[in-house]
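Q: Structure incoming, see below.
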Amino acid sequence: MAPTTEAPQTVEWQGRQVPVWPMRTINYSLLLSQDPDEVEKVTKACLEDGYFQLDLNGIDGRRMLEDREEVLRLMHRFFSAPLEAKNEYGLIDSHLGYEPVGNRTGAFGAGTRDGYEMLKVSRDEIQQGSPRVPSPIKNSDDLRVLEHAIGSCNTVTKVILSALSTGMGLTGAARFENSHRNDRPSTTTLSMMHYLPANETGQHKIGHQKHTDISSLTLLFSDQWGLQIRPPGECGAREMGFVAPRPGCAFVHVGDSLRFASGMRFQSCIHRVVPFDPAEHRYSIAYFLRAEDDTMFQDSEGRWVTAKEWHDQKFKAFTDPPVWQAMAPKSMILGGMVEDGADDPVPIVPADLVKGAAKETAVEA
């Protein structure tokens, strides 16, 4: 059973006590009104933490919460379909299509694989009215659900982006939203993720590896425990810890692109997803708001890259074999964020699994 949403300071996981880190809560209705105190609060959250919870309770956020429930119902039907139907188009592009279980490194590093399947729907394709969506949900009602959800998510994230521009004192073309225009191509995506029970995927297919997001902002919905973060800055030595889901709230993460656009002043959220209850099916919805493809920014290594180039390079790193990931600069998977300390002070991956994984990695390489 998951703990209550009144977050304790620690929670038992894998036979030990793990921190439950607090999150600032931002009121969406106040942000929509550009309330000066709430604008300052959300700006401070991005400068100091790189994440916060967005309270969508109330008339202004209710539509988003209703759209979320519709998407969850769609997800349950889609992920129950046969694999060949879900994988009708396969992974069309790095931000578009279906990924079956086991395509990426898992939450516990080399030798583990992810334990989730994912469907990604392009905002551009939905807007153009020609989405490449697998047949189990390619009907007018389901497409309407996806269109409504993407529209709601886009509005919510643009409100946040506008507030951050104001909070940072940006004007005119320098405002963040001017590189996130709706009529310009981008890799903005609605991603739907289904984490399978461990007894179905096997012990070596667990969770979602530690990373920062490629996005500018990530709007993430999940009622189930499993998301872990590592607080940044002076708190960087802290271990990975859970954050507690709250009814009517979404998690919001600052991604690499917005951190770069802020001149590295914003933090980017280091996080991963692990199985809290290994027997449950876990569902989450993430809207990745990304900058226009041709937006230029300077990454943490001083390179000038476009948003599309950064997206494609980082996605390749996610799907590379673990031995290649280990050789890549941390600035790719972690967006240049600096961390200190161990993820898991007590080993939680059996030694025999690690040995077997090493052989598997050598074969992949």
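The values are calculated or read from the model by the stated rules, or taken from the named source; none is laboratory data. Remember, it's a predicted structure, so these values are computed and weren't measured experimentally. Heads up, the Cβs are rebuilt from the backbone with ideal geometry, glycines too, and the neighbour counts pull from every protein chain shown.
Q: Which condition breaks for Met192 when tested against (1) under 29 Å from Ile92 (Cβ atoms); (2) hydrophobic (A, V, I, L, M, F, W, C); (3) surrounded by fewer than 18 Cβ atoms within 10 Å (Cβ to Cβ)?
A: (3)
Q: Mind listing whichever residues of the stretch 195-221 are of a type in the set (A, V, I, L, M, F, W, C), more than 15 Å from Ser284 (Cβ to Cβ) and either surrounded by fewer than 24 Cβ atoms within 10 Å (Cβ to Cβ) or out of contact with any Ser or Thr (no Cβ under 9 Å at 6 or more places or on another chain) (or both)?
A: The one that is of a type in the set (A, V, I, L, M, F, W, C), more than 15 Å from Ser284 (Cβ to Cβ) and either surrounded by fewer than 24 Cβ atoms within 10 Å (Cβ to Cβ) or out of contact with any Ser or Thr (no Cβ under 9 Å at 6 or more places or on another chain) (or both): Ala198.
Q: Only residues that are among the hydroxyl-bearing types (Ser, Thr, Tyr) and within 19 Å of Pro245 (Cα to Cα): list them for the stretch 7-42, please.
A: Here is the first cut: in the stretch 7-42, the ones among the hydroxyl-bearing types (Ser, Thr, Tyr) are 10, 25, 28-29, 33.
Within the stretch 7-42, Thr10, Thr25, Tyr28 qualify.
Q: If a residue must be surrounded by fewer than 17 Cβ atoms within 10 Å (Cβ to Cβ) and touching an Asp or Glu at 6+ places or on another chain (Cβ under 8 Å), how many such residues does the stretch 123-144 contain?
A: Within the stretch 123-144, residues that are surrounded by fewer than 17 Cβ atoms within 10 Å (Cβ to Cβ) and touching an Asp or Glu at 6+ places or on another chain (Cβ under 8 Å) number 2.
Q: List every residue pair whose Cβ atoms lie under 9 Å apart, where the two residues are 6 or more positions apart in sequence or sit on different chains, the first residue falls within the stretch 80-97 and is more than 10 Å from Pro136 (Cα to Cα), and the second residue, located anywhere, is polar (S, T, N, Q) and part of a helix (DSSP H, G or I).
A: Ser94/Thr319
Q: Okay, next question. Given the structure, is Leu161 surrounded by fewer than 18 Cβ atoms within 10 Å (Cβ to Cβ), within 30 Å of Gly58 (Cβ to Cβ) and not aromatic (Phe, Trp, Tyr)? Give the steps one after another, and end with the answer.
A: Values: surrounded by fewer than 18 Cβ atoms within 10 Å (Cβ to Cβ): no; within 30 Å of Gly58 (Cβ to Cβ): yes; not aromatic (Phe, Trp, Tyr): yes.
Considered against the rule, which asks whether it is surrounded by fewer than 18 Cβ atoms within 10 Å (Cβ to Cβ), within 30 Å of Gly58 (Cβ to Cβ) and not aromatic (Phe, Trp, Tyr), Leu161 comes out as no.
Q: Okay, next question. Please tell me if Phe78 is modelled with pLDDT of 95 or more, touching a Pro at 6+ places or on another chain (Cβ under 8 Å) and hydrophobic (A, V, I, L, M, F, W, C).
A: On the way: modelled with pLDDT of 95 or more: yes; touching a Pro at 6+ places or on another chain (Cβ under 8 Å): yes; hydrophobic (A, V, I, L, M, F, W, C): yes.
Considered against the rule, which asks whether it is modelled with pLDDT of 95 or more, touching a Pro at 6+ places or on another chain (Cβ under 8 Å) and hydrophobic (A, V, I, L, M, F, W, C), Phe78 comes out as yes.
Q: Ok, one more. Between a first residue in the stretch 189-214 that is free of Cβ contacts under 8 Å to residues at least 12 places away in the same chain and farther than 19 Å from Gln228 by Cβ and a second residue that is of a type in the set (Val, Ile, Thr) and in a loop (DSSP other than H, G, I, E, B), which pairs have beta carbons less than 9 Å apart while being 6 or more apart in sequence or on different chains?
A: Going by the 9 Å Cβ cut-off, the qualifying pairs are Glu200/Val101.
Residue-wise test of (1) at pLDDT below 90; (2) crowded, with 22+ Cβ neighbours inside 10 Å; (3) part of a strand (DSSP E or B); (4) out of contact with any strand residue (DSSP E or B) (no Cβ under 7 Å at 6 or more places or on another chain).
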site	(1), (2), (3), (4)
Glu84	no, no, no, yes
Tyr89	no, no, no, no
Ile92	no, no, yes, yes
Gly97	no, no, yes, no
Asn103	yes, no, no, yes
Ala107	yes, yes, no, no
Val121	no, yes, yes, no
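Q: Just to be sure I understand the filter: pairs with C-beta atoms under 8 Å, separated by 6 or more residues or on different chains, first member in the stretch 3-16 and of a type in the set (D, E, K, R), second member exposed (fewer than 14 other Cβ atoms within 10 Å of the Cβ) and modelled with pLDDT under 90. Which pairs pass?
A: Cβ pairs passing all conditions: Arg16/Val346.
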